[in-house]
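The values are calculated or read from the model by the stated rules, or taken from the named source; none is laboratory data. Model, not experiment: these values are computed from the prediction. Here the Cβ is made from the backbone with ideal geometry for all residues, glycine too, and neighbour counts use every protein chain on show.
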């Protein structure tokens, strides 16, 4: 079954995954409603790197590849923030027609032990030929466990992969109640949470889409 798109934010890939999820959880008759509420996200998946990564390649943990003029971010106490991840925007899959992300450049993610974060965008490709050695040393597994999740204890340098998924409003989003009402499901029905789990957005980080 193919439903005509009424949501210009969705690509054909997201629509197909949304249809698969609706069929799995008995919501095919509600598919036009789901399409209307859905947004598009880019799921971020990782695996431990088995070798050195290429300069500029997306990564989680380790050290970033930075332009020579880069100013390392500081926290409110003027201490160096800790590097979390870099994303090479050229590696992202082509998302929906209204993607707000640039096609080129890098996003650098930094954090503090108090979970204060900062994202820096660098538009060029003038990265240094070798990884920068200034800034604090790479964060340890204990930091990942304490600030992010116990599942990340012992985390080390990871490759990063991306794929497009649909995204529906989570339970704490203002549109969630409206969607429940239109679908005719009760608050005790876990179909929407099951759908987002099926898409993969509950256990992984993502760009764009609804915040979990």
Quiz item: For residue 13, which of the numbered conditions (1) within 23 Å of the chain's Cα centre (by Cα); (2) in a loop (DSSP other than H, G, I, E, B) fails to hold?
Solution: (2)
Self-check item: Pick from the stretch 154-167, criterion touching a strand residue (DSSP E or B) at 6+ places or on another chain (Cβ under 8 Å) and in a loop (DSSP other than H, G, I, E, B), ranking: surrounded by the most Cβ atoms within 10 Å (Cβ to Cβ)
Solution: 155
Quiz prompt | Filtered residues of the stretch 20-48 (kept if within 15 Å of residue 191 (Cβ to Cβ) and assigned to a helix (DSSP H, G or I)) | solution = 20, 21, 22, 23, 24, 28, 29, 30, 31, 33, 34, 37
Quiz item: Name the residues in the stretch 171-200 that are without any contact (Cβ under 8 Å) to a residue 60 or more places away in the chain and either surrounded by 17 or more Cβ atoms within 10 Å (Cβ to Cβ) or not assigned by TED's automatic domain parsing to the domain that holds residue 22 (or both), would you?
Solution: 176, 180, 192, 196
Self-check item: Checking residue 6 against (1) touching a helix residue (DSSP H, G or I) at 6+ places or on another chain (Cβ under 7 Å); (2) surrounded by 13 or more Cβ atoms within 10 Å (Cβ to Cβ); (3) at pLDDT below 85, the condition it does not meet
Solution: (2)
Practice problem: Answer yes or no: is there a residue in the stretch 85-101 that is outside any strand (DSSP E or B), surrounded by 15 or more Cβ atoms within 10 Å (Cβ to Cβ), at pLDDT 85 or above and within 17 Å of the chain's Cα centre (by Cα). | Solution: yes
Quiz item: From the list 18, 43, which one is under 20 Å from the mean Cα position of the chain (by Cα) and farther than 30 Å from residue 125 by Cα?
Solution: 18
